[in-house]
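So the structure is just underneath, and the comments pick up after that.
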Amino acid sequence: MRQFLSAQDAPSIEELVDRAQRHKRKPLDMEDVGYGKTIINLFFNPSLRTRISTEKAGINLGFEVITYDASGGWNIEFEEGAVMNLDTAEHVREAAGVLSQYCDILCVRSFPSLTDKAGDYADKVMKAFVKYATVPVVSLESATRHPLQSLADCLTISEKSNRPRPKVVLTWAPHPRRLPQAVANSFAEWMIAWGKVDLTICNPEGFDLAPEFTAGATVVHDQATAFRGADFIYAKNWSSYTDYGATADLPGWIIDEAKMTLTNNAYFMHCLPVRRNVVVSDGVIDSPRSLVLDQANNRTWAAQAVLSSMDLG
Ligand code: CP
């Protein structure tokens with residue numbers, strides 16, 4: 001792969017999941033892949049899991065790994081032809097070109113503005129790095145997608161499912177802050193492209209995800225209907241796509257023990273970080289059916305599968 005931004009970049013999701021599984025069994029089996037090579041992880045936004053799991057994956061493959069927190073640096077300009085006499089100090093043309101001098105893979109995390117729908121959904125930050133970098137680019141989460149999280153989630157579901165086509169429910173959950181749609185978009189995109197599950201998406205009216213991500217899924221607007229017979233409940237908050245960036249105060253959408261009794265003894269999933277007793281009750285996240293730590297563990301193997309698949313020329 002020359003880039004890893006979405007499910008479309010994976011030649012075969014099934015093969016990537018198998019590869020991640022092999023790395024999990026034997027983490028150091030490809031420790032020569034990165035010998036003499038460098039990965040730069042460029043973060044415009046905070047991270048715990050993505051940062052550490054990607055660093056660990058790179059180290060397991062023998063890469064040198066440099067992580068740069070760009071949120072404390074000067075502002076980068078993304079507009080073509082900009083007259084840069086305001087608060088941006090460096091154009092992405094130079095930033096991407098310069099970083100390409102120092103590394104063999106450039107990994108980037110950038111959240112959406114949640115105010116500029118067109119700009120966010122053009123994924124302009126990630127696409128600019130792809131355009132101007134001369135090395136392969138891996139998304140560590142963009143304005144619209146979080147593909148490494150989704151690949152890890154495919155791995156987790158494949159490990160736990162004991163049915164040919166499990167019912168997987170992606171449900172909106174409450175949150176005090178407005179959040180990106182990226183994890184939810186990506187989860188839907190990967191589940192549908194993977195083709196191994198029946199996906200139901202459940203959210204309040206006004207919170208439907210962009211249709212480009214949900215074609216092929218069942219969309220419902222009440223949790224009782226969605227949860228019935230579910231094998232996996234994947235909880236996530238996202239702000240509105242239609243009333244772009246808006247949120248809603250709906251505490252009744254919490255995932256609790258009573259709702260989980262409607263399911264087929266479902267596993268509980270969340271990408272983390274999670275607000276306890278807002279998104280999910282302690283009883284659900286602390287139960288033996290909670291997979292949140294399995295998901296976090298699988299982030300390393302998903303990252304390793306992607307990094308070891310990149311075309312380094
Ligand atoms: N799930 C996830 O991406 O976590 P971080 O934001 O901590 O990287």
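Bear in mind that the values in this text are calculations on the coordinates, not laboratory data. What you are looking at is a predicted structure, and each value in this text was computed from that prediction instead of being measured. With ideal geometry, Cβ positions are generated from the backbone for all residues, glycine too; neighbour counts draw on all protein chains shown.
Compactness of region 156-246 was expressed as the Cα radius of gyration divided by 2.2 N^0.38 Å, which yields 1.04. Extents of region 233-313, largest first, come to 52, 37, 21 Å (Cα atoms, principal axes, whole angstrom). Applying a DSSP loop filter and a limit of 12 other Cβ atoms within 10 Å to the trypsin sites (Lys or Arg not before Pro) in region 177-239 leaves Arg177. Among Arg165, Arg109, a tally of other beta-carbon atoms within 10 Å of each Cβ gives an order, fewest to most, of Arg165, Arg109. Over all pairs of different C-alpha atoms, region 210-276 has a mean inverse distance whose reciprocal, the Kirkwood radius, equals 13.6 Å.
Computed over the chain, relative contact order equals 21 percent, with contacts defined as Cα pairs under 8 Å that lie 6+ residues apart. All Cα-Cα distances of region 91-201, cut into 10 Å bins from zero to the largest, leave 13, 36, 30, 17, 4, 0 percent in each bin in turn.
Taking packing as the residue-averaged number of other Cβ atoms within 10 angstrom, the listed peptides 148-154, 18-24 run from highest to lowest as 148-154, 18-24.
For region 149-192, the extents of the C-alpha atoms along the principal axes are 36, 17, 16 Å, listed from largest to smallest.
Listed by chain and number, the lysines placed with their C-alpha closer than 29 angstrom to that of Lys24 are Lys37, Lys56, Lys160, Lys167, Lys196, Lys236; residues fewer than eight positions away on the same chain are left out.
In terms of the mean number of neighbouring beta-carbon atoms within 10 Å, the peptides 198-204, 155-161, 136-142 order highest first as 136-142, 198-204, 155-161.
Extent along the principal axes, Cα only, for the chain: 55, 48, 32 Å, with the longest axis given first. For region 240-313, the set of trypsin sites (Lys or Arg not before Pro) satisfying both a DSSP loop assignment and a count of at most 15 other C-beta atoms within 10 Å is given as Arg275. The length gained on full extension between Thr242 and Asn277, counted as 0.36 nm times the residue separation minus their Cα-Cα distance, comes to 9.9 nm. Separation of region 258-300 from region 77-138 is 35 Å, based on Cα centroids. Per the Debye formula on identical point scatterers at the alpha carbon atoms of region 19-123, with no solvent, log10 I(q)/I(0) at q = 0.11, 0.12 Å⁻¹ is -0.45, -0.53.
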